[in-house]
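Enquirer: Here's a structure for you.
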Amino acid sequence: MESVIESAQELITGLDSDLTRTATKNTATFIADKMRQLKGGRDKEAIIRGYEELINSLLEDKSELERIARSYKELYDGVEISAENLEYLQNTIRSAIHILSGFGVQSPQNAQATESIVQLISLDTLRTMQLLGFNYKKAIGEPLTELCAEKIRGFGNSNNKTQQSNRKK
């Protein structure tokens, strides 16, 4: 998971660098100066070539900026979750937490912890946290995966202990 995050950070850093380079390449001052230079020239062909080069350079910059914007959007879409998916996520996680809590020892503290987690994943909370840059996969997905794995391992271990106890008898 960390390699994915590091890869995304490297991609963002590269995009930031590309954006800075492209945005500063043909500033308004540079364009105005270039146009003044071209206007002052006597050779009609050189002036036309100069304007064509300037226009082509601006079109290349436009294409590069569009590519950068698409890349940023793809990164955003990878972490942004739609309202419909947030609702689905909330319902699914609520069910998973209740199922997993059934594997453990039932106590008031466990019930309270389970209810706190369910409240944490309310639709409004999830939306607000998403706006703040909350990383669902890291904060909810990874611990839920670990919890599920622990419960399954524990279930397997309790079966093995029962089988071992039966063999000794």
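Nothing in this text is a laboratory measurement; each read-out follows from the coordinates by a stated rule. Just so we're clear, the structure is a prediction, and the values are computed from it rather than from any experiment. No Cβ is skipped: glycine too gets one built from the backbone with ideal geometry, and neighbour counts run over all protein chains shown.
Enquirer: In terms of the Cα gyration tensor, with a ≥ b ≥ c the square roots of its eigenvalues, is the range 2-79 rounded because a/c is under 1.5, prolate because a/b exceeds b/c, or oblate?
Expert: prolate
Enquirer: Give me the number: length gained by fully extending residue 151 to residue 9, i.e. 0.36 nm times residue separation minus the C-alpha to C-alpha distance, one decimal in nm.
Expert: That works out to 47.8 nm of additional length.
Enquirer: Compute the FRET efficiency between residue 17 and residue 73 as 1/(1 + (r/R0)^6), taking r as their Cβ-Cβ distance and R0 = 22 Å, and round to the nearest 0.05.
Expert: Once rounded, the FRET efficiency stands at 0.80.
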